[in-house]
Amino acid sequence: MASRSLLQFLSGFSRPAVGNASLRLFSSTSVCRATLQTHNVIERAPSPWTLMAAVCLQRLPVISADCSPIEQQFRQMMHQMEQEKSLLSDHELQLLEDAERMSRKQADDYDSDREDDHGDQEIVLAQDLEDSWEQKMKSFQPALRVTADADQDLTSSERCLADSLVLLAEQQVGGEPLWLLPQARWQEGETLRQTAERALASLPAGLKATFLGNAPCGVYKFKLPQAARTESTVGTKVFFFKAVLSDCGGPPAGPGGPLLWAKKGELRRYLKPAYMTKVDRFVLGL
């Protein structure tokens, strides 16, 4: 009697275990089947959008911009405050020391034995240093901030050194030449940033740049005309990536070449309004 009760007690644990095992087998099989169905749907339904990546290559300012009138007034005020509250520099202290030494030498009761013993060391007066600095200053020729010839050459990256420039490339879109940011079509197996890097490397100028991150900074989407649409192609999506020019590479393109450098205020002359609206959001006029 006791053995029969023990068998019934043990059988009570084994039955739920079998039920749980069948439940786990059913759940894993369902998940695998659902995953395969989803994968097959994705393979059968490719995206109707053509993906492209473009690079917004900027040449940052090389020199500081000219100060506005209020900036000049503020700079003069700060310079005056600093001059009034500042202490004497080492050079100014040396000027005072030299002047005091010269006045002692000109006095009637001057005693050279009381002066510090400098030995054979040559004493260089502060005034002598100022004279040498003045001669070096006269021989120094600063470079021109504005060069009319270079500023008018849109193909040169050396124009408008105080402004930020953006590179534009002339490309054929639907048989029509358009000025756009350098772009390329995405290929299977590469990331969008790699596509943007390939678009920059395909330019004839041999430019080198530093890309700012792996995520796009903007996107431009447009649909094809009804006559040009197909079931597999509805339109194009262009993803923009920002980059900073680090080396201008080889010589610039000749007049009328496929590349030009434009300031932010000049982009509207070359870009379409809808395209310009998207580009204007992430181009900084530094």
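The values are calculated or read from the model by the stated rules, or taken from the named source; none is laboratory data. These figures come from a predicted structure and were not determined experimentally. Glycine also receives a Cβ, built like all others from the backbone with ideal geometry; neighbour counts cover every protein chain displayed. In case anyone asks, the SASA skips ligands and DNA or RNA and just uses the protein heavy atoms, side chains included. Shrake-Rupley method; radii C 1.70, N 1.55, O 1.52, S 1.80 Å.
Details
- Filter pass, Val124 being at pLDDT below 80 and not charged (D, E, K, R): yes
- Taking region 148-193 as the range and being among the polar types (S, T, N, Q), closer than 21 Å to Lys208 by Cα and part of a strand (DSSP E or B) as the test, the residues that pass are Gln171, Gln183.
- In region 194-242, the qualifying residues are those that are in a loop (DSSP other than H, G, I, E, B) and of a type in the set (S, T, N, Q), and the one that is least open to solvent (accessible area, probe 1.4 Å) is Thr233.
- Positions within region 210-245 being among the polar types (S, T, N, Q), within 32 Å of the chain's Cα centre (by Cα) and under 14 Å from Ser47 (Cβ atoms), in sequence order: Thr236
- Count - residues of region 54-79 that are among the aliphatic types (A, V, I, L, M), surrounded by 11 or more Cβ atoms within 10 Å (Cβ to Cβ) and not in a strand (DSSP E or B): 4
- When region 124-146 is limited to residues that are out of contact with any helix residue (DSSP H, G or I) (no Cβ under 6 Å at 6 or more places or on another chain) and not in a helix (DSSP H, G or I), the one that is farthest from Ile63 (Cα to Cα) turns out to be Val124.
- If the condition is being surrounded by fewer than 15 Cβ atoms within 10 Å (Cβ to Cβ) and at pLDDT 90 or above, then region 171-185 contributes only Arg185.
- Out of Leu125, Leu161, Leu129, Leu165, sole residue that is in contact with a strand residue (DSSP E or B) (Cβ under 7 Å, 6 or more places away or on another chain) and open to solvent by less than 60 Å² (accessible area, probe 1.4 Å): Leu165
- Restricting attention to region 58-72, the residues being in contact (Cβ under 8 Å) with a residue 40 or more places away in the chain and more than 18 Å from Leu144 (Cβ to Cβ) number 3.
- Qualifying residues in region 141-155 (those that are under 23 Å from Leu168 (Cβ atoms) and among the small types (Gly, Ala, Ser)) - the one farthest from the chain's Cα centre (by Cα): Ala148
- For region 262-276, the criterion of being buried (at least 17 other Cβ atoms within 10 Å of the Cβ), without any contact (Cβ under 8 Å) to a residue 24 or more places away in the chain, of a type in the set (D, E, K, R) and outside any strand (DSSP E or B) is met by at least one residue.
- Scanning region 132-152 for residues that are open to solvent by 60 Å² or more (accessible area, probe 1.4 Å) and over 30 Å from Gln94 (Cβ atoms) returns Ala143, Leu144, Arg145, Val146, Ala148, Asp149, Gln152.
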